[in-house]
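What follows is a single structure, written as structure tokens, with notes after it.
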């Protein structure tokens, strides 16, 4: 079936019933966690994807004063720290805070600030909330993607991104490799942009052939779509999902 965004929205339940059944191997997203919290500081730790080079690829962690766990997408961050190492995981400390009075939300970004017409912090893919002293904790958030439907020549991917993000506007996209791992250096075998400005939704790819017993990996990128037939930015990967087709 040749998919369009309209078809996908209207027939999602039927597509799920008709889908080729695959075996999920693994799914992974970037995680951001809270370590130690004091009256005027908070330490954080992060775990990103295999092959990521946070310093080289411009990864950052930003913090805002905010009453809840949502990112103020276009408001200047209170502070931003550039990740200065190329190891996929690490930690950092934010100082000069006032946790007696204020709560804060932090966001891990897989790339630099976006330009005009896009959300400034649209590369944020993982968040963590620090309540004011005495406030209720909220679990950290990580973006995720998984297979929704696989047909004879098409595939859909269901995604969950931070609330309030506009993936279409920001140039978010998905890619599929016939491999057990997504790549930061090799363009995917198939790709398409995300065509909705929703934090929870589905994307699709047409013209894809799923081989019997073969293993594939979906990667979701927060920005960098250049268009079909042109190289897309590979360094803004937020999450992956690996699956094996039936034999």
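The values are calculated or read from the model by the stated rules, or taken from the named source; none is laboratory data. All of these numbers come straight from a predicted model, not from anything done at the bench. No Cβ is skipped: glycine too gets one built from the backbone with ideal geometry, and neighbour counts run over all protein chains shown.
Filter the stretch 233-247 for residues that are part of a loop (DSSP other than H, G, I, E, B) and in contact with a strand residue (DSSP E or B) (Cβ under 6 Å, 6 or more places away or on another chain) and give the result.
Residue satisfying the conditions is 236 alone.
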Subset of the stretch 221-247 (residues that are more than 20 Å from residue 115 (Cα to Cα) and at pLDDT 95 or above)
239, 240, 241, 242
Collect the residues in the stretch 138-153 that are in a strand (DSSP E or B) and under 10 Å from the mean Cα position of the chain (by Cα), keeping them in residue-number order.
142, 144, 145
Among residues of the stretch 119-135 being assigned to a loop (DSSP other than H, G, I, E, B) and more than 16 Å from the chain's Cα centre (by Cα), the residue surrounded by the most Cβ atoms within 10 Å (Cβ to Cβ) is 131
Only one of 205, 138, 174, 194 that is crowded, with 18+ Cβ neighbours inside 10 Å and either over 17 Å from residue 223 (Cβ atoms) or not assigned by TED's automatic domain parsing to the domain that holds residue 234 (or both):
205
Which condition number in (1) part of a loop (DSSP other than H, G, I, E, B); (2) within 18 Å of the chain's Cα centre (by Cα); (3) surrounded by fewer than 22 Cβ atoms within 10 Å (Cβ to Cβ); (4) modelled with pLDDT of 95 or more is the one that residue 162 fails?
(3)
Looking at the structure I just gave you, is residue 176 assigned to a strand (DSSP E or B) and at pLDDT below 95?
no
For the stretch 197-232, enumerate the residues that are touching a helix residue (DSSP H, G or I) at 6+ places or on another chain (Cβ under 6 Å) and assigned to a loop (DSSP other than H, G, I, E, B).
197, 223
Return the only residue of 169, 156 being in contact with a helix residue (DSSP H, G or I) (Cβ under 9 Å, 6 or more places away or on another chain) and either in a loop (DSSP other than H, G, I, E, B) or not assigned by TED's automatic domain parsing to the domain that holds residue 121 (or both).
156
